[in-house]
Amino acid sequence: MLMRARRESGSWSWNLEDVTKPGPEFALVTAARMSGVLEKHDLLVPSSLEWAWFETGRGGLGVHSRLDLGTRSLDDPALPDALRACRPTGHPRAEIGGILVLGSGAWFDAVGERHREHRLVELMVAPDETDLWVELSVYHDVWGQCDFRGEPHPAIHAANAPRLASALQELVQVLGAEAEPGEPTYYGRAEGYGLEAPETIGGRGPDLTDAVSG
């Protein structure tokens, strides 16, 4: 049974500075380049976008939009205008905040059987006036050396963690910047191109099942 944590068990971010044309256009083109790498490793096949709206000087509006991609690619030149067309009518000055790229990816169980899972990894691109912040997050236990019950699962780790590590290394090359590990959470933390090994007692890791869902 695949379990998902309520917060990320590991994340990696990039801050791309001095962007010549900041905004949704560059954010989506960057997301397309990154998704190409993730799709090659069967970690994320984009199917929809979600984002929040904000106003300069006011902050978040508490309004979110979702757009199903269908057959449209992330680098479709018409896609930024499609996002803007979702602007809430009561907020004509609203701007697009962080864009979450959602889709499915594949993971392998202990006997090598392949499974598809929605939101196996999550990709966020957040445009600013002069830069672009990007984050890749994982929430499931297949990337760690133990499952969320604390049971070691070396076969599952060996079948999945190297794919994530390879994708992260390729993303570093694509973006031209090293990834910064995110803040640790109750469920784990990023270390290098994988997750930090958990502390074990008697060969078992911590039991986190009080705070995860199957």
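The values are calculated or read from the model by the stated rules, or taken from the named source; none is laboratory data. Everything numeric in this text was worked out from a predicted model, so none of it was measured. Cβ coordinates were reconstructed from backbone atoms using ideal geometry, including for glycine residues, and neighbour counts include every protein chain displayed. The accessibility values were calculated without ligands, DNA or RNA, using every heavy atom of the protein model including side chains. Shrake-Rupley method; radii C 1.70, N 1.55, O 1.52, S 1.80 Å.
Descriptive notes on the structure:
- Given (1) touching a strand residue (DSSP E or B) at 6+ places or on another chain (Cβ under 8 Å); (2) polar (S, T, N, Q); (3) without any contact (Cβ under 8 Å) to a residue 60 or more places away in the chain, number of the condition Ser9 does not satisfy: (3)
- Test for Gly103: is it surrounded by fewer than 19 Cβ atoms within 10 Å (Cβ to Cβ), part of a strand (DSSP E or B) and not aromatic (Phe, Trp, Tyr): no
- Sole residue being of a type in the set (S, T, N, Q), under 30 Å from Asn160 (Cβ atoms) and modelled with pLDDT under 95, chosen from Thr89, Thr56, Thr71: Thr71
- Candidate set: region 176-199, residues that are of a type in the set (D, E, K, R) and within 30 Å of Glu151 (Cβ to Cβ); chosen: the one most open to solvent (accessible area, probe 1.4 Å): Glu199
- Subset of region 21-65 (residues that are crowded, with 18+ Cβ neighbours inside 10 Å, in a strand (DSSP E or B) and of a type in the set (Val, Ile, Thr)): none
- Residues in region 106-115 that are in a strand (DSSP E or B) and farther than 25 Å from Gly182 by Cβ: Arg114, His115.
- Whenever a residue of region 126-151 is farther than 30 Å from Pro80 by Cα, its partners that are of a type in the set (Lys, Arg) and open to solvent by 30 Å² or more (accessible area, probe 1.4 Å), lying with C-beta atoms within less than 8 angstrom and at least six residues away or across chains, give the pairs His140/Arg4; Cys146/Arg204; Gly150/Arg204; Glu151/Arg204.
- Residue in region 66-83 that is farther than 20 Å from Leu171 by Cα, open to solvent by 20 Å² or more (accessible area, probe 1.4 Å) and touching a Cys at 6+ places or on another chain (Cβ under 9 Å) present: yes
- Hits in region 144-153 - residues which are farther than 14 Å from Met1 by Cα and either assigned to a strand (DSSP E or B) or hydrophobic (A, V, I, L, M, F, W, C) (or both): Pro152
- Test: residue in region 154-168 that is in a helix (DSSP H, G or I), free of Cβ contacts under 8 Å to residues at least 12 places away in the same chain and out of contact with any Gly (no Cβ under 9 Å at 6 or more places or on another chain): yes
- Options Gln173, Gln145: the member that is touching a His at 6+ places or on another chain (Cβ under 6 Å), at negative phi and open to solvent by 70 Å² or more (accessible area, probe 1.4 Å): Gln145
- Candidates Gly70, Gly57, filtered to the one that is under 19 Å from Glu117 (Cα atoms) and either free of Cβ contacts under 8 Å to residues at least 40 places away in the same chain or not acidic (Asp, Glu) (or both): Gly70
- Considering region 116-140, and only residues there that are at pLDDT below 95 and not in a strand (DSSP E or B), the residue that is most open to solvent (accessible area, probe 1.4 Å) turns out to be Glu129.
- Selection of first residues in region 110-125 that are under 25 Å from Glu25 (Cα atoms) and of second residues that are of a type in the set (Lys, Arg) and surrounded by 13 or more Cβ atoms within 10 Å (Cβ to Cβ), restricted to Cβ pairs under 9 Å at least 6 apart or on distinct chains, gives the following pairs, ordered by first then second residue: Arg119/Arg4.
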